[in-house]
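Only one structure is covered here, and it is reproduced in the block below.
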Amino acid sequence: MKLRIFPGLLLAALAAGTLDAVAADAPASTARAHTSHGTALDRVVAIINDGVVLESELKAQVAEVTQRLQAQNVPLPEPSVVREQVLERLVLEEVQAQHAERAGIVVSDEQVNAALQDIATRNKVSFDQLPEKLASEGLVYADYRKNLRREIQRQVLRSRDVVQRINISPRELDQYMERQKGTASANNEYNVAHILVAVAQDATPTQLAAARKKADDVAERAAKGEPFNQLAVTYSDSQTALEGGALGWLKGPALPTFLADVIPRMKPGDVSEVLQTGSGFHLVRLNDVRTTTTSQIIKQTHLRHILLKTSEVEDDATVQQKLATMRAQIVAGTADFAVLAKTSSADPGSAVDGGDLGWTPLETFVPEFARQADALKEGEISEPFKTQYGWHIVQMLGRRDFDNTATAEREQAFAQLRESRVDEATEIWLQQLRDEAYVELRL
């Protein structure tokens, strides 16, 4: 089974959704090949400000994209078209990497390790087994790690420059949720593919007309039955072009704003008319529709804990013994848990409440804390145990099934409303970065 990157690991999952896609995503300005005499073997195929893309990088990425499209049964355009699309993606990645470095965005080893640990866990292998698993798929762990670091860096940059600048007021959210009530799309998910003919922000009337004609021509070819995914690979300027334009499954409320009224009226297999937005001209194809449920019952636990930390004066054994003494006093009834937590706990967030952590899903805690808590019966206090935060004793106060639907709906609506604006804002942002950069292609 192929290892996968799962949604939620990064701010936006990689379009291909596989570890292979990350590995093929080589940093454009870092790879250099030389003979033992220092003679360059690689040819520069693009110059981006003070960085370059090399022929070897382009060939490797073209091979990976071609293999993936064939595996997905996407009809391939001419090799030169794939080559141009891949080069443009590499250029945009290099532009983003340079922008992130100038902004001082540094991805720590801890962030990379956390991402790798999540990938390993979700793919049912241990962190230590990950290099071996990657090697079995023809991937080099050091390269994979470096490319994942770059992807995280780009996602942090996009979050800073795009996502976090999308402001949604409580009133906007209330109005949005009211509009969604009873609409046909509220409980539906749509599998959508997309083609973008990009238009620069400062485009002349002549350039705008040319882009419109290109979009109309593509629409006509789609109407005559040409495969939409092949047209996307060939003509789309979107970041999803090399995935055949696939946007995947989108919840109705999360549809991009300009599609919110268009997609719900379409039937599977339909292709929209040409749509114009600030980023250019769009065509979308509805591949499929499915209905989802909205009720959300979650399991919560009511816990309280006391946290002690080691210091130069008190080592692990000393702190563990202090907690063991506290536990014995509480069990014997000679001390009160809440009082000890208020006077001794090193967790400032819960100490003021007597160590009370409230009603919370176990999944919100670090794994060792969740494991220790889950093993307790109601009223039981754990033996001292250690996590990355220090030493704990924890008491189970209760368990319940909680209908979180209302809260979840509001949180989901906020995320969907923001997401509906992110795609368009991201395309415009990328176009601006590209326009501001010095780019010289040498194909």
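Per-structure values
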item: Other-chain or far-sequence residues with amide H under 5 Å of S238's (modelled H); result: L196
item: Mean shadow area of the range 220-364, taken as a quarter of the surface of its Cα convex hull (nm²); result: 16.1
item: Under-5 Å amide H pairs with T277, H placed in peptide plane, nonlocal only; result: H282
item: On Cα atoms only, tilt of 170-180 relative to the major axis of the chain in degrees; result: 70
item: Spatial separation of Cα centroids for the range 372-419 and the range 59-80, in angstrom; result: 45
item: Fluctuation leader among T292, T387, T426 - the chain, Gaussian network, Cα springs under 10 angstrom; result: T387
item: Of K224/K251; K224/K267; K309/K342; K133/K251; K124/K386, those spanning more than 22 Å from alpha-carbon to alpha-carbon; result: K224/K251; K133/K251; K124/K386
item: Descending semi-axes in Å of the range 297-403, equivalent ellipsoid built from Cα gyration tensor; result: 23, 15, 12
item: Vicinal HN-Hα couplings computed from phi for the range 61-74 (Karplus, 6.51 cos²θ - 1.76 cosθ + 1.60; Hz; Gly/Pro x); result: 5, 4, 4, 5, 5, 4, 4, 5, 5, 5, 5, 8, 6, 8
item: Expected 222 nm ellipticity per residue - DSSP helices of 4 or more, -39500 (n - 2.57), all of the chain, to 500; result: -14500 deg cm²/dmol
item: Separation in nanometres of the label points that stand 7 Å from Cα toward Cβ, at W249 and R400; result: 3.1
item: Rounded to whole Hz, the Karplus (6.51, -1.76, 1.60) HN-Hα couplings of the range 264-275, x for glycine and proline; result: x, 8, 8, 9, x, x, 6, 10, 6, 6, 5, 10
item: Phi to ³J(HN,Hα) by Karplus 6.51 cos²θ - 1.76 cosθ + 1.60 over the range 376-386, Hz, x for Gly, Pro; result: 8, 8, 4, x, 6, 10, 6, 6, x, 9, 10
item: Per-residue Cβ neighbour rank within 10 angstrom, fewest leading, L116, L134; result: L116, L134
item: Within a Gaussian network of the chain (alpha carbon springs, distance under 10 Å), most fluctuating of A413, A351, A114; result: A351
item: Top of K214, K59, K309 by mean-square fluctuation, Gaussian network on the chain, Cα under 10 Å; result: K309
item: Cross-link reach list, lysines versus K59, counting only Cα pairs under 20 Å and skipping chain neighbours closer than eight places; result: K146
item: Binned Cα-Cα distance frequencies in the chain - 20 Å width, integer %; result: 20, 47, 27, 7, 0
item: Under 5 Å, built H, 5+ apart or other chain: amide partners of D42; result: A33
item: Relative contact order of the chain, defined on C-alpha pairs under 8 angstrom at six or more residues apart (%); result: 18
item: Debye log10 I(q)/I(0) at q = 0.19, 0.30 Å⁻¹ for the range 305-362, Cα point scatterers; result: -0.71, -1.15
item: Amide N of the range 160-174 lying under 19 Å from the label point, which is placed 7 angstrom from the Cα of S108 along Cα→Cβ; result: 160
item: Footprinting exposure proxy for L173, L357, L283 (fewest neighbouring C-beta atoms within 10 Å first); result: L173, L357, L283
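Read-outs throughout are calculated quantities, based only on the coordinates presented, and are distinct from any laboratory measurement. What you see is a predicted model; the values in this text were computed from it and never measured. As a convention, Cβ positions derive from the backbone with ideal geometry for all residues, glycine included, and neighbour counts pool all protein chains shown.
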